[in-house]
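Read-outs throughout are calculated quantities, based only on the coordinates presented, and are distinct from any laboratory measurement. All values reported here derive from a predicted model rather than from experimental measurement.
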Amino acid sequence: MPDAALLLPALVEPVIAIARKMAGIELAPIPGTPGPLWRRVVFLDGGARQARLVLAFEERLERRLRIELYAGMGLTLEPGEEDAALGELGNCFMGHIDGRLAGLGLELEFSIPGIAPGADAPGAGEVLAAAIVLGSAAGAMGITMYLHTTTGRHDQMTAKPFTTLIVDDSSPMRRALRGILERSGFVVAGEACNGIEAIKLYRELQPDLVTMDIVMPQMDGVQTLRAIHEFHPTARVVMVTAMTSMNKVQECARFGANHYIIKPFEEEKVKEVLVRILAAATGATPPGAGG
């Protein structure tokens, strides 16, 4: 397990930089532990090396960061969307932390975040890797990382053609995804415009990975995900959504979705998500990995 002295900068520096850039908040390490009034975003991995990252926000800091994040993107928050917004705030930090962890050789596949109350503690096979509390005049937040001691990194193997199935009721979106996938070296085995067609094609093609739009006619992405997992529980499915569909994304995570990608597509982000899911799940090196 990496030394905490190496892990802490990888966890802390991206958070400090984003808080400064997003909201003009200067965070700095302070002693202490998160109290019971904190809201937590928990990331669990589904990859070859298991880890758990917990971001705990004091409410006034979380509110300030959330408001600034959404305002910066020109979005408004409707009543009842607080948990989805907190999850998106966690994603913002996680994306940058993940890159720093990869630089330490920790190739982890983190899931969609979940919102969890109460104090966190090591689970079965876990050890505390690093923990720290950051504070500012706007409030405080805690960062805790656990690593499993029973799993190690997978060995990379020779690349093979990876097949994908694109499911989206919008033909322009299917074309956009096909272009990204093919430029990244993936083989698009088929396309479906609704969930019923997707289930039929999945049975026929048995693709390595599915990109699944959430909002579709006849049978939406959540129903389709559940149906595919009923006959193929290990199916790898990445949900495709707009930022306003975060509640649905979290529902999909409960039903086994591996990750999600946001519309409009960012090619490098799409490629990164798909490559890492396939590498973690198969032990092989998908096209474009590391390049």
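Taking amide H positions as modeled 1.01 Å from N, with prolines and chain starts lacking one, the residues under 5 Å from Lys263 and 5 or more places away or on another chain are Thr241, Ala242, Met243.
Computed from backbone phi with θ = phi - 60° and the Karplus coefficients 6.51, -1.76 and 1.60, the 3J(HN,Hα) list for region 188-203 is 7, 6, x, 10, 10, 9, 7, x, 4, 5, 4, 4, 4, 5, 4, 4 Hz; x is used for glycine and proline. Taking amide H positions as modeled 1.01 Å from N, with prolines and chain starts lacking one, no residue 5 or more places away or on another chain lies under 5 Å from Ala257.
At q = 0.09, 0.12 Å⁻¹, what log₁₀ I(q)/I(0) does a Debye calculation on the Cα points of region 163-282 give, no solvent, two decimals? The Cα Debye sum returns log10 ratios of -0.19, -0.35.
Counting only aspartates and glutamates at least 8 places from Lys21 when in the same chain, those with an alpha carbon closer than 14 Å to its own are Glu13, Glu68. Put simply, region 161-212 fits an ellipsoid with semi-axes of 16, 14, 6 Å; these come from the alpha carbon gyration tensor as the roots of five times its eigenvalues, largest first.
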